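Asks: Have a look at this one.
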Amino acid sequence: MKKTFVLSSFLVALFALPAVAANTLVKFRGGIGVLPVAAGEGQAATADVVTRNVVRGVEPAGQIWVISALKADVKVDGQIRVDGRGLLLGGGDQIGFTANASVFATLICDAAPPFTELSTNAAGVALAPNGDFRIDDTLVPAPPADCASPVLLIRVTGGNGPWFAAGIPKQD
């Protein structure tokens with residue numbers, strides 16, 4: 001009886017794995033912190049003209065941010081779980097701190113405008129003092145059946161919600 005239970009439990013778990021994988025829309029492993037300026041022009045010590053690092057219509061934060069780790073899974077029904085580590089200011093007087101920020105996630109599947117932002121609750125989650133955070137929520141609106149060009153942005157709450165960090169899509 002005991003061997004049968006163990007074997008049947010193993011078989012159920014084994015055949016359930018493809019179902020779980022099939023339920024996944026996109027995964028992200030690793031993160032990139034924001035550099036607010038993408039390019040600058042000019043002869044002086046400061047640029048006369050700068051190009052902000054806008055990603056799919058979303059403005060960057062005003063200061064450099066770094067992130068040490070990010071893992072995110074998005075399901076076809078819009079469920080999203082993001083685990084971030086070490087999201088901290090990478091410059092300025094508050095370098096190495098969180099500025100008491102709260103963050104939310106936005107997934108964008110469109111490669112060209114118009115961009116549809118699929119976001120978690122804009123109230124967000126607070127960063128821990130060491131920059132760690134966990135988002136466990138549902139994207140609104142629901143994602144499309146195919147997300148061929150995924151971009152995941154971690155954004156600050158309030159205002160226009162500039163982005164602080166981006167996920168690196170996992171290539172299967």
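Asks: Being at pLDDT 95 or above, basic (Lys, Arg), touching an Asp or Glu at 6+ places or on another chain (Cβ under 8 Å) and surrounded by 13 or more Cβ atoms within 10 Å (Cβ to Cβ): is that true of ARG85 here?
Replies: Working: at pLDDT 95 or above: yes; basic (Lys, Arg): yes; touching an Asp or Glu at 6+ places or on another chain (Cβ under 8 Å): yes; surrounded by 13 or more Cβ atoms within 10 Å (Cβ to Cβ): yes.
Yes, satisfied.
Asks: Then there's this: Of everything in the stretch 88-107, what is hydrophobic (A, V, I, L, M, F, W, C) and either without any contact (Cβ under 8 Å) to a residue 24 or more places away in the chain or surrounded by fewer than 18 Cβ atoms within 10 Å (Cβ to Cβ) (or both)? Give them in sequence order. First the steps, then the outcome.
Replies: Here is the first cut: in the stretch 88-107, the residues hydrophobic (A, V, I, L, M, F, W, C) are 88-89, 95, 97, 99, 101, 103-105, 107.
Hits for the stretch 88-107 are ILE95, PHE97, ALA99.
Asks: Among the residues of the stretch 123-138 satisfying the criterion of being of a type outside the set (Asp, Glu) and in contact with an Asp or Glu (Cβ under 9 Å, 6 or more places away or on another chain), which is surrounded by the most Cβ atoms within 10 Å (Cβ to Cβ)? Talk me through it step by step, then tell me what you get.
Replies: Going residue by residue through the stretch 123-138, those that are of a type outside the set (Asp, Glu) are 123-131, 133-135, 138.
With in contact with an Asp or Glu (Cβ under 9 Å, 6 or more places away or on another chain) added as a condition, the list becomes 125, 133-135, 138.
On the way: VAL125: 19, PHE133: 25, ARG134: 12, ILE135: 18, THR138: 14.
Residue satisfying both the conditions and the ranking: PHE133.
Asks: For the stretch 117-158, what are the residues that are over 15 Å from the mean Cα position of the chain (by Cα) and closer than 15 Å to THR106 by Cα?
Replies: Scanning the stretch 117-158 gives ALA123, PRO141, ALA142, PRO144, GLY158.
Asks: Determine, yes or no, whether ALA99 is at positive phi and not polar (S, T, N, Q). Let's see the steps before the verdict.
Replies: Numbers: at positive phi: yes; not polar (S, T, N, Q): yes.
Judged against the criteria, ALA99 is a match.
Asks: Inspect all residues belonging to the stretch 146-159 and state whether any of them is in a strand (DSSP E or B), farther than 17 Å from ILE32 by Cα and basic (Lys, Arg). It would help to see each step written out before you state the result.
Replies: In the first step, residues of the stretch 146-159 are kept if they are in a strand (DSSP E or B); the result is 151-156.
From the residues that got through so far, the ones that are farther than 17 Å from ILE32 by Cα too are none.
No: the stretch 146-159 contains no residue that is in a strand (DSSP E or B), farther than 17 Å from ILE32 by Cα and basic (Lys, Arg).
Asks: Here is a further query. Please tell me if ASP110 is among the acidic types (Asp, Glu), assigned to a loop (DSSP other than H, G, I, E, B) and crowded, with 16+ Cβ neighbours inside 10 Å. Walk me through it before giving the result.
Replies: On the way: among the acidic types (Asp, Glu): yes; assigned to a loop (DSSP other than H, G, I, E, B): yes; crowded, with 16+ Cβ neighbours inside 10 Å: yes.
Yes: the conditions hold for ASP110.
The values are calculated or read from the model by the stated rules, or taken from the named source; none is laboratory data. Since this is a predicted model, take the numbers as computed values, not measurements. With ideal geometry, Cβ positions are generated from the backbone for all residues, glycine too; neighbour counts draw on all protein chains shown.
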